Amino acid sequence: MQADIEATLEHPVSSQAEAERLRVINEVLEEIRPNLQRDGGDCQLVKVDGKKVMVRLTGACVMCKLSGMTIEGIQSRLVEELGEFVRIVPVMGGVPA
């Protein structure tokens, strides 16, 4: 019975922590998006799977030679804001993550 109570208590905390992580990830992407949009590109959050944050670069970002630097910059900001290592994984346009 005690284990059931502890599991029930841990679950909401875990959900709250994940919700907070997702909020921070979205905030960082929203902070970066205007700069990408100004150059004709964009970045969309596709999925968060543990330490992997999957994003889709669109518009001018797709063929840009600096897209690798964009991904690195997003990753750096996320690590800074989250206080933990995450890896940005770019996904292609029509490929489901």
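The values are calculated or read from the model by the stated rules, or taken from the named source; none is laboratory data. These numbers were taken from a predicted model, which means no experiment stands behind them. Backbone-built Cβ (ideal geometry, glycine too); neighbour counts: all protein chains shown.
Some notes on this structure:
- When the stretch 33-56 is filtered for residues that are small (G, A, S) and under 13 Å from I71 (Cβ atoms), only G41 remains.
- Qualifying positions in the stretch 17-45 - of a type in the set (D, E) and part of a helix (DSSP H, G or I): E18, E20, E27, E30, E31
- The residues of the stretch 33-67 that are under 20 Å from E80 (Cα atoms) and under 12 Å from the mean Cα position of the chain (by Cα), listed by number, are C43, Q44, L45, K47, V48, D49, G50, K51, K52, V53, M54, V55.
- Residue in the stretch 39-46 that is within 19 Å of E18 (Cβ to Cβ), of a type outside the set (D, E), touching a Leu at 6+ places or on another chain (Cβ under 8 Å) and surrounded by 15 or more Cβ atoms within 10 Å (Cβ to Cβ) present: yes
- Against the test of being within 23 Å of A17 (Cβ to Cβ) and surrounded by 15 or more Cβ atoms within 10 Å (Cβ to Cβ), the options V91, V53 yield a single qualifying residue, V53.
- Once the stretch 1-33 is narrowed to residues that are modelled with pLDDT of 90 or more and of a type in the set (D, E), the residue that is nearest to G73 (Cα to Cα) is E31.
- One residue stands out among those in the stretch 60-77 that are of a type in the set (A, V, I, L, M) and at pLDDT 90 or above: the one that is surrounded by the most Cβ atoms within 10 Å (Cβ to Cβ), which is I74.
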